[in-house]
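Read-outs: derived from the displayed coordinates by stated rules, not from any lab. Owing to the predicted nature of the structure, the values given are computational and were not obtained by experimental measurement. In this analysis, Cβ positions are derived from the backbone assuming ideal geometry, glycine residues included, and neighbour counts consider all displayed protein chains.
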Amino acid sequence: MTAPNLAIAGAGMAGAYLYRLLRRAGYRAHLYDRPISTRCGLSPCAWGTTAEFVSLVAATGLDPEKYVLQRHDCIVIDDLCLTAELITFDKPRLIGDLLEGAEVLNAPLTADRYDRVIDASGVSRALLPPVACDLVLDCCQYQVESLTPLDNRVRLGGIGYAWCFPLSAHRYHIGCGSLLADPRRILAELRWLRDVGTDADGTVRCGCTGRIRLTGPHASLPFVTDVCREGVWGVGEAIGCVAPLAGDGIVPGMRSVQLLLEHWDSPERYTAAILKEFRWMKGERGVVERLQRGEGVGLRDARVLRKNSQRMGMRVGLGAALHLLRHAR
């Protein structure tokens with residue numbers, strides 16, 4: 001692997017993970033990102049992921065337990081309580097440790113100054129060609145404190161969902177994403193934030209809005225272009241590595257970085273590896289499109305949800321999967 005002059009566009013989860021792994025392999029890279037004014041320094045922040053997170057963080061030489069806030073063995077989705085293997089983690093702290101105090105440049109990135117540039121810019125896909133059939137939803141997220149315990153829960157609707165994830169004994173992450181409606185209006189109707197904000201023992205600490213790409217890798221080609229000598233290579237959300245149904249991009253984004261390093265010298269092998277690793281996302285994208293068109297969902301769609309939910313340690317029967325998809329619509 002030889003690339004003496006590298007740049008990474010994006011210092012979020014995928015960009016920071018790549019930066020750390022490159023440093024451990026003996027390589028240096030310039031980091032670029034846009035200024036972010038949110039309290040946590042991220043937008044959107046995202047605090048939840050799946051159990052594979054632990055082994056992926058361990059590969060950087062950091063102790064993953066340092067960042068795990070809570071482990072959850074179940075989650076309530078609408079009226080169903082399902083077993084699950086989910087984690088909430090301290091994403092700002094993890095990104096800070098991955099970057100090790102590296103300078104993040106806010107200036108425009110000029111790709112032809114570098115031998116290779118990695119586009120880890122997330123939904124903006126700043127340096128790769130636009131996606132023809134992009135699928136992006138709006139989201140809003142809030143960190144709240146409440147002395148009154150709140151449930152670990154998800155409410156489906158609007159081809160999306162609202163969530164409340166515990167971060168500690170009194171701290172929670174509440175948010176919503178939707179393809180069809182204003183997520184802030186959905187949360188207002190649920191009254192989750194209002195209940196916290198009006199309690200004497202609760203308060204909303206911070207909040208932000210953002211967008212999440214649910215396009216999937218198969219509809220996000222190309223992953224590599226020849227803008228500079230060794231090209232611009234995409235990772236993470238920039239190339240669609242976010243689960244279209246669940247919206248989880250943490251583990252897929254980190255895994256895409258590993259695949260990039262494994263196939264550093266071959267754009268063709270890297271592209272093939274991404275498409276193979278995330279071929280399950282193609283099926284999820286199809287389900288989302290059918291929901292978006294207002295079509296009925298059937299057993300084929302339920303099978304996709306049931307199979308893919310196993311990645312989160314969830315055991316969902318066909319009947320329950322069909323029930324959840326109908327609620328999502």
>> Looking at the range 283-293, can you tell me whether even one residue there is assigned to a helix (DSSP H, G or I), under 18 Å from Arg125 (Cα atoms) and either in contact with a Gly (Cβ under 9 Å, 6 or more places away or on another chain) or not small (Gly, Ala, Ser) (or both)?
In response: no
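Looking at the range 185-198, can you tell me whether even one residue there is in contact (Cβ under 8 Å) with a residue 60 or more places away in the chain, more than 21 Å from Trp280 (Cα to Cα) and in contact with a strand residue (DSSP E or B) (Cβ under 9 Å, 6 or more places away or on another chain)? Quick ask: steps written out before the conclusion?
Pass one, the range 185-198, residues in contact (Cβ under 8 Å) with a residue 60 or more places away in the chain: none.
No, the range 185-198 contains no residue that is in contact (Cβ under 8 Å) with a residue 60 or more places away in the chain, more than 21 Å from Trp280 (Cα to Cα) and in contact with a strand residue (DSSP E or B) (Cβ under 9 Å, 6 or more places away or on another chain).
Take the residues in the range 163-188 that are among the hydroxyl-bearing types (Ser, Thr, Tyr) and assigned to a strand (DSSP E or B), then tell me which one is farthest from the chain's Cα centre (by Cα). Steps first, please.
Just the residues of the range 163-188 that are among the hydroxyl-bearing types (Ser, Thr, Tyr), to begin with: 168, 172, 178.
Narrowing the set further to residues that are assigned to a strand (DSSP E or B) leaves 172, 178.
Numbers: Tyr172: 18, Ser178: 15 Å.
The extreme case among them is Tyr172.
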>> With the requirement that a residue be surrounded by fewer than 23 Cβ atoms within 10 Å (Cβ to Cβ) and without any contact (Cβ under 8 Å) to a residue 40 or more places away in the chain, what does the range 165-179 give you?
In response: Ala169, His170, Arg171
> Just for strands (runs of 3 or more DSSP E) wholly inside the range 65-162: which have at least 1 residues that are under 29 Å from Leu324 (Cβ atoms)?
Replying inline: 68-77, 80-89, 136-146, 153-156
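Considering each residue of the range 249-261, count those that are touching a strand residue (DSSP E or B) at 6+ places or on another chain (Cβ under 8 Å) and either surrounded by fewer than 21 Cβ atoms within 10 Å (Cβ to Cβ) or of a type in the set (Val, Ile, Thr) (or both), and give that number. Break it down stepwise before answering.
Initial filter on the range 249-261 (touching a strand residue (DSSP E or B) at 6+ places or on another chain (Cβ under 8 Å)): 249-251, 260.
Cutting the leftovers down to either surrounded by fewer than 21 Cβ atoms within 10 Å (Cβ to Cβ) or of a type in the set (Val, Ile, Thr) (or both) gives us 250-251.
Residues in the range 249-261 being touching a strand residue (DSSP E or B) at 6+ places or on another chain (Cβ under 8 Å) and either surrounded by fewer than 21 Cβ atoms within 10 Å (Cβ to Cβ) or of a type in the set (Val, Ile, Thr) (or both): 2 in total.
Within the range 248-261, does at least one residue satisfy the condition of being outside any helix (DSSP H, G or I) and under 28 Å from Cys81 (Cβ atoms)? Give the steps one after another, and end with the answer.
At the first step, the residues of the range 248-261 found to be outside any helix (DSSP H, G or I) are 248-249.
From what's left, under 28 Å from Cys81 (Cβ atoms): 248-249.
Yes: the range 248-261 contains one or more residues that are outside any helix (DSSP H, G or I) and under 28 Å from Cys81 (Cβ atoms).
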>> I'm trying to understand the selection: among the residues of the range 262-307, which are more than 30 Å from His323 (Cα to Cα), in contact (Cβ under 8 Å) with a residue 60 or more places away in the chain and surrounded by fewer than 14 Cβ atoms within 10 Å (Cβ to Cβ)?
In response: Asp265
